[in-house]
Amino acid sequence: MSNTPSPLDILNGDVKPTGIVAQCEHHMACTLANYVIAQALAGLTGIRAFVPIFLVAVCGKVMEDFPLTLTSGSWLETWPAIIALGLLLVVEITADIFPGIDEAQDMVMSILKPLMAIALAVSPMYYSIDGSSSSGLVRFGAAVNAGLLSEIVALGKAVETLALDVGSAGACAPVRSVIEDAIAFGATMLVIVFGFGMAVFLLCVMAVAIICWVTYRKRHGLPILPRCCSGGKKDAQNDATLSESESGGSASESNSDDSEKSFLSKVEEGDTQGDGRILYIDAKPEED
């Protein structure tokens, strides 16, 4: 019986990375598995920027059957990178607990999260069709898709954080933060343990969530992103105040017009008693 691994074994992550590189003749299957797993992990960086990439660095260093085939000598497998990512992860988790600070952190992370997703997406090995070299085109596509997916998830996370902070006056911030930590850690470990199948499932969940969000907003005539997300809470409050003042001004002008029409109708009927206004009539004297 041949010891060559089947495509299904490769996609499921049942083959050791060294075995894939040394023995695998199904290079397209290897590339597909690496691509899908990397995209799923990149999407999770939208929740926590440093959780997926930190766990990939640690598990890639210590696990023999790690499902993601990293490039030879990848910086993620070095101890300085693991220590640095671990410290950044602690800072991110700690800051997200406190109301106000979490919103400021989301603004910074809207830039850092796509960068971490891109760094994670370009780390695996993407083979060319003949399997003799690395495919730069696939790597470029993986980087672009990972950055976009991470940014979309990050914006959704920022909206959720802002809504809960405003709705609960910051009381729910610690609970929300712990739940997000559990989702990020749990989903990342599921992808690492179960490989390709779990990555596909996770990407489908993200796609359904994005489609539902866009459909709901469009059906109710709302912008895809809330104004508070694009302009901040202060801008949203200013918009609300401006809207109220405009509606109040319109109502005042309408009442003034109605009052004027009522007065003129009384003049025409000869009934101006009780009205303090003086009517000036421009009349020319009759000529003899």
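Observations on the structure shown:
- Only one of the listed residues (241, 215) is exposed (fewer than 15 other Cβ atoms within 10 Å of the Cβ) and either at pLDDT below 85 or not assigned by TED's automatic domain parsing to the domain that holds residue 98 (or both). That residue is 241.
Conditions tested, residue by residue: (1) in a helix (DSSP H, G or I); (2) surrounded by fewer than 24 Cβ atoms within 10 Å (Cβ to Cβ); (3) modelled with pLDDT under 90; (4) within 20 Å of the chain's Cα centre (by Cα).
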residue	(1), (2), (3), (4)
5	no, yes, yes, no
9	yes, yes, yes, no
14	no, yes, yes, no
19	yes, yes, yes, no
30	yes, no, yes, no
34	yes, no, no, no
42	yes, no, no, yes
52	yes, no, no, yes
72	no, yes, yes, no
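- Condition met for residue 111 (in contact with a Gly (Cβ under 9 Å, 6 or more places away or on another chain), modelled with pLDDT of 90 or more and either within 26 Å of residue 166 (Cβ to Cβ) or not in a loop (DSSP other than H, G, I, E, B) (or both)): no
- Failed criterion for residue 123 (all others in (1) surrounded by fewer than 17 Cβ atoms within 10 Å (Cβ to Cβ); (2) over 30 Å from residue 167 (Cβ atoms); (3) of a type in the set (S, T, N, Q) hold): (1)
- Residue 106 vs. criteria crowded, with 19+ Cβ neighbours inside 10 Å and free of Cβ contacts under 8 Å to residues at least 60 places away in the same chain: yes
- Count of residues meeting criterion [within 11 Å of residue 40 (Cα to Cα) and of a type outside the set (A, V, I, L, M)] in segment 176-196: 3
The values are calculated or read from the model by the stated rules, or taken from the named source; none is laboratory data. Computed from a prediction, not measured in an experiment: that's the story for all the values here. Cβ atoms come from the backbone with ideal geometry, glycine included; neighbour counts cover every protein chain shown.
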